[in-house]
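Following: one structure in structure tokens, then a few remarks.
The values are calculated or read from the model by the stated rules, or taken from the named source; none is laboratory data. Fair warning: this is a prediction, and the values are worked out from it, not measured in the lab. Note: areas computed on protein heavy atoms with side chains; ligands, DNA, RNA excluded. Shrake-Rupley method; radii C 1.70, N 1.55, O 1.52, S 1.80 Å.
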Amino acid sequence: VQLQASGGGLVKAGGSLRLACRASGIAFDDYAMGWYRQAPGEQRELVARVIIGGSPNYVDSVKGRFTISRDSAKNTVDLQMNSLKPEDTAVYYCKAVDSRFRPYWGQGTQVTVSS
């Protein structure tokens, strides 16, 4: 299983970024996909996740600002982040979970939001 994340960067508060995660080596539709983040000194937290045939779930702090989407044809899961806030600053990780609840993590991508 390989998860390749991209799209992080530096943006001013109120701006937007789009993260992308490409999965390989898996039957993509059999996996729950999600984005997590970890700020310095904090625990890693769920940002958003989506399964085939299910509604996306979001942490309360990003509802209405972030949108997760997956594309089975491309084996990708994207996170569109709008109205970014300094508190969104973190390393963002892509995660895949198989039918046996085994997790697979991609490398992180840094998102920095300046005030």
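Miscellaneous remarks
- Dividing the mean sequence gap of close Cα pairs (under 8 Å, 6+ apart) by how many residues the chain holds gives a relative contact order of 36 percent.
- The residues of the chain expose, per residue, 54 Å² of accessible area to a 1.4 Å probe.
- Length available on full extension from ILE26 to PHE101: 0.36 nm per residue minus the Cα-Cα distance, which gives 25.6 nm.
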